[in-house]
1. Scan the stretch 60-79 residue by residue and report those that are assigned to a loop (DSSP other than H, G, I, E, B) and touching a residue at least 12 places away in the same chain (Cβ under 8 Å).
2. Name every residue in the stretch 8-35 that is surrounded by fewer than 20 Cβ atoms within 10 Å (Cβ to Cβ) and in contact with a strand residue (DSSP E or B) (Cβ under 6 Å, 6 or more places away or on another chain), in order of residue number.
3. I'm trying to understand the selection: among the residues of the stretch 344-360, which are surrounded by 15 or more Cβ atoms within 10 Å (Cβ to Cβ), within 18 Å of Phe329 (Cα to Cα) and out of contact with any Gly (no Cβ under 6 Å at 6 or more places or on another chain)?
4. With the structure loaded, tell me whether Leu254 is among the hydrophobic types (A, V, I, L, M, F, W, C) and surrounded by 17 or more Cβ atoms within 10 Å (Cβ to Cβ) or whether it fails that test.
5. Tally up the residues in the stretch 236-251 that are among the hydrophobic types (A, V, I, L, M, F, W, C), assigned to a strand (DSSP E or B) and either closer than 30 Å to Ser95 by Cα or under 22 Å from the mean Cα position of the chain (by Cα) (or both), please.
6. Which of the residues that make up the stretch 314-338 are near the ligand (Cβ under 10 Å from one of its atoms) and touching a Lys or Arg at 6+ places or on another chain (Cβ under 9 Å)?
7. Within the stretch 29-59, take every residue that is more than 16 Å from Ala305 (Cβ to Cβ) and in a strand (DSSP E or B) and give me the one that is nearest to the ligand (Cβ to nearest atom).
8. Quick test of your reading of the structure: Gly259 fulfils all but one of (1) assigned to a loop (DSSP other than H, G, I, E, B); (2) within 30 Å of Arg186 (Cβ to Cβ). Name the failing condition by number.
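The values are calculated or read from the model by the stated rules, or taken from the named source; none is laboratory data. Small disclaimer: the values here were computed from a predicted structure and weren't measured. Neighbour counts are summed over all protein chains in view; Cβ atoms, including those assigned to glycine, are modelled from backbone coordinates with ideal geometry.
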Amino acid sequence: MTSRHLASSEATVVVVGGGLAGAQLVSALRDNGFAGNIVLVGDEAALPYQRPPLSKDYLTGRIGPEAIRLRGPEYYAANCVQVLTGDPAVRVLPSAHKVVLRSGTELRYDHLVLATGARNRSLPVPGAGLPGVVSLRTLAEAEVLRERLASAERLVVVGGGFVGMEVSSSASALGVQVSVIERHERVMARAVTPVTSEFFARAHRDRGVRLELGEGVARFLGSGAVTGVETSSGRRLPADLVLVGVGVTPNTDLAEEAGLQERDGVVVDALLRTSAPDISAIGDCARFPTPFAAAPVRLESVQNATDQARCVAARLTGDARPYRPVPWFWSRQAGARLQIAGLTDGHDRTVVRGDQDRGDFSVFCFRGDRLLGAESVGQPAAHMAVRRALEAGDQITPQELLDGSLVP
Ligand code: FAD
């Protein structure tokens, strides 16, 4: 495997995936003075844009498509970046250093970056294909959802993860009656502690959202269009719109077919190199080692997509360093902002500081005496303090928090 940098102005970097990671990589390469050719290949019609607003301000109509676009066409023209939209890569030929697009176009690369992101999982139950059963990942899907929400009376959201809960929040703010079906006993169960789940469950219920916890979906009802959802316990919830938000699968097909190592994500090393020479993978599609977890992880966050793009751009322009940034994440829903610093999986102790009733608290997660991370609601200073501590390798002990000698 190589970590050589591409000094020649004849060198070509092809980036597959015109999402956040791909777009950030392109701009970081140019910022670092890369003078070679850059081709950004996307399968969506739109130029790269930010996804987080799709479930928040874009859905409520507070902002439009211009506001979420990462860069305008003039940026790519001025920086000599060839952007191919609506033409997915269908094959990678590592030995020939080529990518083949659906249109038949063949692109030769000196370095290939896979930034193919993830796609929504579908729910294999009867009625899943009915009109009115929708999902949300792309701008095109957000447009459909936004349009349907304008006339919907009852929305059922299947899946109480981040996207499902954010959409619930936006839809209820638009006056739509919302029910959430979640198979776990609490919302966002895979990502946050019970304290944080409980806070958000209450905040959503206070806004009129119904939570059906510990329930699955047996089938979607309706003939011409969806009219409701039958839960696994046999209850029927009426709906004229259903959003399925049950998690994602990384887009690894290209990598797999090209013979690259894959394990629920394209496997990369600490420099974000795949098992093939001259191919890197970044963002939602990559599984990478990190000092903040015992085993390699795949993360779905803006921070990760952005920092991995910068890391690979730095390596390709002569500054190869292992990827080590502290993972962080945010969500905004039910009138509150959640910030998460670190990776808290595997914690065996929590210390809660602040006032949960006021939406002003942090949950610090420890394994033994080691701080793994923290969830903060309405406490940006605590969030930043934890990020800084994790970055510096400083320890904050449970005792220091209980003494009140540290934030908050
Ligand atoms: P993506 O943004 O998914 O981009 C990958 C692109 O590659 C897509 O356009 C895909 O269609 C394309 N592609 C796939 N295969 C091919 C192919 N063969 N050829 C060409 N193109 C291909 N993160 C946060 O940190 N905070 C939030 O609040 C937050 N909110 C979110 C809300 C929603 C509704 C969604 C969907 C995500 C949210 N995220 C949030 C997650 C965040 O947006 C992602 O982690 C981030 O977009 C990942 O960037 P990426 O470039 O790796 O993948």
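1. Selection gives Thr60, Gly61, Leu70, Arg71, Gly72, Asn79.
2. Thr12
3. Asp345, His347
4. yes
5. Adding up the residues that qualify gives 4.
6. Trp328, Trp330, Ser331, Arg332, Gln333, Leu338
7. Only one residue fits best here, namely Val41.
8. Result: Gly259 fails condition (2) only.
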